[in-house]
Each structure stands twice: as C-alpha cells, then as structure tokens.
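Reviewing the structure listed below.
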Amino acid sequence: MSITIKEIARLAGVSPSSVSLVLNDRPNRISEQKKNLILQIAENNQYIPNAAARSLVTRKNNTFGLLIPDIENPFFSKLSKTLELQLRAEGYSLIIVNSNDTFEGDMILIDLLAAKGIDGIFVVISNESYLHQDIIEQKLSQLNLPFVMVDRIFDSFSCNKIYFDNVEGSYIATRYLLEKGHRKIACICNTFISHNSLSRIHGYRNAMTEYGIKVPKEYIIPANYRIEGGYEAAKQVLDTDCTAIFVCNDMMTLGILRYFSEQGIHVPEDYAIVSYDNLLSDYLFGIEISSVNQDVEELGIKAWNIMKKAARPDKKEETNQTEICLMPTLVIH
C-alpha cells in the first residue's frame, strides 16, 4: 500500500498538516531542508495523493465535466476524445455524461456533475432543450462554477460559448451542388427546434435563393440526427424529383446510404450527396462523398482554453464572456 501523509510526517519529524501543505504546494513557512525531506520520503515510498482529500485543501479537484447529447455520434465521440486527451496532458481529468439528446437528461446530468464538486462543465445541450431554453439558462446561470456552451448554443444567452458557423457551412455545401448543375436539391435536416439545424436550413435557402430557386416544401425533409432518421428520410426523397441531397449530418447520411443500398440506388450516379461533419471516411468503404468539415480538435482545444481562463484560481473579478465562432470548410471528393 502507498505510504500515508501521517507516516511521511512521522518519518520527517513534522506535523501531517505540514506534509499536506508541501505536497499540495500550498504557501507555508517550512524550511527548504524539511520540504526536500518530505518530498524525498514521498517519492521513495511511492506516495499516491488522495484526490478527495487534496480537493478539500486546494478547493479544486482538477476534474471537469462534459455533457454531450449522443456518445454514438462520431462528432461528439471525437470531441470527447479531444477534450479528454487535452485535459489529461495538463494533469486534469474529464467526466463524460450522455443526455441521449433529451431535456430531462440535461437537467439531471447538470445537477449530477455539479454535485461532484468539479471545477467546470462543458455543455453540449440536447435538441429538446431548445423547447425549454429559459429553464436551461436559469439552471446554468445558477451554477456556482464556470461552464462553456460548446457547438450548440443559445444566441441570446450571455455566457462562454464556442460553435461553428452553421449558416456558412450549409451555404457552401448547397452552393457546391448548384455549381455542379443540380437545381432540385433536397435538404435532410433535424427537427426545427434545433439551433444548428435551423441555421443549416437558412444557409441552404440562401444558396438556393442566390440561384433564383424557390424551394418546394417537400424538399426540406425533417429527420433526427441519427442513422434511423436518415433511413426514413431517404424514403421521402424518392417521392420528390430531387437529383441531389444536402444532409445536415453524417449519421443521417449513413442511414440514407443504407436505404439506397437496399433499393439498388447508387451514389453519386443516381443521387449526388453532400454531407456534414466529414467523419465518414472509416465507414463508406469506397464511396466518396463531399462533406462540410468542422475541425473538432480545434473546437475542443479552444473550448478548453476558454474554460481555463474562466476557472483560473487567481481570478479576482468577473471578466467578459468569451464567444468564438469557427468557420467550417468544404472537403470535396
């Protein structure tokens, strides 16, 4: 078993509180000779600090929380991995929780993370929570710890936030299909309560309007952001005269490809598709689909930089909230 603070104190001839101050690098009046002795004893005996006890001394436990809506979605999986690796490299740990894209999940998990005494929360809200914006805003505002809204945000809510320009992303995706000669373009989007989905529909409409095209209502097909949503939406595409499809996320694109494969429909020969997220390369097995790329690593790293600024222990007064909008790019295959 690892040596305890009491045993180190006995061997060094000092009090346990002195050992705790030295090991936690807290201000003290202990001589350099005693400090070095304490550190040497701890190292020689492979002392392992008790995280819970340390947090009582430092009032920080070097742990942060990440709330995401869908761990199966490659976008959120990559975000989780990016943040976890970044935090671990700097001596912190990350608790990841999954709301299953529900308002109830958000409410329960925000409380759960806060109750663990963590140092801050990265929040990616569920789409359902856009129906309960006032409640979520109130809950976040009442947190006694810093938080950063990541990817999914409330425009009118003043807080630390970082996200991608979804209007621009969908605009360049639709414009690419228009430039390839398509005029009948379906848009497979999430429910109309989703901030990101509404923004992507807006960008799609901007591009179509730029080319003088009025969008029939049947061209905009609502679906959830999951494989089954894309699968069902593909059936509706076949009821239109569309020749191309702009899909608002990669998971739905997988569902569309599954249905098309079952029906003997080929991409891009029968339908051109532009997807969103650019995370499908490991799943397409030779099918090449152009996609809007969102640099998830940049998102994660910059979200962590915002959090470090908000959670710094020497913070004397409130600083201005940080808001960062990242620009997506189109990767053409």
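Here the extension length gained between SER281 and GLU269 equals 2.4 nm, from 0.36 nm per residue of separation less the Cα-Cα distance.
Within the accessible surface of the chain, defined with a 1.4 Å probe on protein heavy atoms only, the carbon and sulfur portion equals 49 percent. Label sites at GLU210 and LYS34, each approximated as a point 7 angstrom past Cα along Cα to Cβ, lie 7.1 nm apart. Distance from the alpha carbon centroid of the range 1-47 to that of the range 181-213 works out to 63 angstrom. Take THR191: with every protein chain present and a 1.4 Å probe, its accessible area is about 60 Å².
Stretching the chain fully between ASN320 and GLU7 yields a gain of 108.0 nm (0.36 nm per residue, less the alpha carbon separation).
Label-to-label distance for GLU137 and LYS309 is 2.3 nm, based on points extended 7 Å past Cα in the beta-carbon direction. Stokes-Einstein, applied to the Kirkwood radius of the range 242-333 over Cα pairs at a viscosity of 0.692 mPa s and 37 °C, places its translational diffusion at 208 µm² s⁻¹. Accessible surface computed residue by residue for the chain, with neighbouring protein chains in place and a 1.4 Å probe, gives 50 Å² per residue. In this simple spin-label approximation, LEU112 and GLU179 carry label points 7 Å from Cα along the Cα→Cβ vector, and these lie 4.5 nm apart.
Here the Kirkwood formula puts the hydrodynamic radius of the range 118-224 at 15.4 Å, using every distinct Cα pair. Using a Gaussian network model of the chain in which every pair of alpha carbons under 10 angstrom is joined by a spring, one finds that among LYS214, LYS302, LYS78 the greatest mean-square fluctuation is at LYS214. Placing +1 on the Cβ of every Lys and Arg and -1 on the Cβ of every Asp and Glu, with nothing else charged, gives the range 54-136 a dipole about its Cα centre of roughly 620 debye.
Around the Cα centre of the chain, unit charges on the Cβ atoms of Lys, Arg, Asp and Glu (plus for the first two, minus for the last two) sum to a dipole of about 1500 debye. A dipole drawn for the chain from +1 and -1 charges on Cβ atoms has a positive end, and of SER194, ASN224, ILE273 the residue lying farthest that way is SER194.
Per-residue ellipticity at 222 nm for the chain, helices alone: DSSP H runs ≥ 4 residues times -39500 (n - 2.57), over residue total, nearest 500 deg cm²/dmol?
Theoretical 222 nm ellipticity from helices: -13500 deg cm²/dmol.
The values are calculated or read from the model by the stated rules, or taken from the named source; none is laboratory data. Bear in mind that the values here come from a model prediction, so they are computed numbers and not experimental data. Every residue, glycine among them, receives a Cβ derived from its backbone with ideal geometry; neighbour counts consider all protein chains shown. Areas reflect the complete protein model, heavy atoms only, side chains present, ligands, DNA and RNA absent. Shrake-Rupley method; radii C 1.70, N 1.55, O 1.52, S 1.80 Å.
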